[in-house]
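Undergrad: My questions all concern the structure below.
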Amino acid sequence: MVEVIVSHLEKNYNKAIETNEDIVSGEYVDRKVFENKFSGEVIDPKSLSEYIQEKYKVSKGFSQQILDDWCSGKINNGLLSKNTSID
């Protein structure tokens with residue numbers, strides 16, 4: 001399942017960093033986002049995680065772990081960096 005989801009992510013999304021000014025502190029803050037390769041739409045990790053959960057019928061923790069590991073390059077031979085229940 002990991003390979004299927006990662007393949008989908010690689011085909012459809014670019015990893016990106018979005019920089020915004022924090023309105024309270026005035027400092028600039030970076031956050032991970034994903035750009036749809038076809039529409040150019042930027043999507044936040046929570047929304048992409050929810051999409052993965054719905055499309056592949058996996059748990060919230062599993063979809064979040066896949067996104068974290070995919071962004072950090074920690075998926076090795078189809079294995080996640082942490083044991084996470086798929087459902």
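Computed from the coordinates by the stated procedures, all read-outs in this text should not be read as laboratory data. The shown structure was predicted, so the numbers you read here are calculated from the model rather than taken from an experiment. Positions of Cβ are backbone-derived with ideal geometry, glycine not excepted, and every protein chain shown enters the neighbour counts.
Undergrad: Given points 7 Å out from each Cα along the Cα-Cβ axis, report the Leu79 to Glu10 separation in nanometres with one decimal.
TA: 1.9 nm
Undergrad: A further question on this structure: Out of these labelled values of P(r) over Cα pairs in 5 Å bins from 0, in percent, (1) 3, 12, 12, 10, 7, 6, 7, 5, 6, 5, 5, 5, 4, 4, 4, 3, 2, 1, 0; (2) 3, 14, 18, 19, 17, 12, 8, 5, 3, 1, 0; (3) 3, 14, 23, 23, 17, 10, 6, 4, 1, which was calculated from the coordinates shown here?
TA: Computed from these coordinates, P(r) over Cα pairs in 5 Å bins from 0, in percent corresponds to label (3).
Undergrad: Could you work out the local net charge near Glu18, counting Lys and Arg as +1, Asp and Glu as -1, over the other residues with Cβ closer than 10 Å to its Cβ?
TA: Value of the local net charge: -1.
Undergrad: Collect residues whose amide H, placed 1.01 Å from N in the peptide plane, falls under 5 Å from the amide H of Val33; neighbours closer than 5 in sequence don't count.
TA: Here Ala16, Ile17, Glu18 satisfy the definition.
Undergrad: Ranked highest first by the average count of other Cβ atoms within 10 Å around their residues, in what order do 46-54, 15-23 fall? Walk me through the numbers on the way to the answer.
TA: Details: 46-54: 15.4, 15-23: 10.1.
Result, highest mean Cβ count within 10 Å first: 46-54, 15-23.
Undergrad: Here is a further query. If each DSSP helix of 4+ residues adds -39,500 (n - 2.57) and the sum is divided by the residues in the chain, what number results at 222 nm, nearest 500 deg cm²/dmol? Let's see the in-between values first.
TA: Numbers: 3 runs with 36 residues, N = 87.
Theoretical 222 nm ellipticity from helices: -13000 deg cm²/dmol.
Undergrad: Right, next: Please give the residues of the range 1-26, grouped as numeric ranges, whose backbone N is less than 14 Å from a label point set 7 Å along the Cα-to-Cβ vector of Lys37.
TA: 5-16
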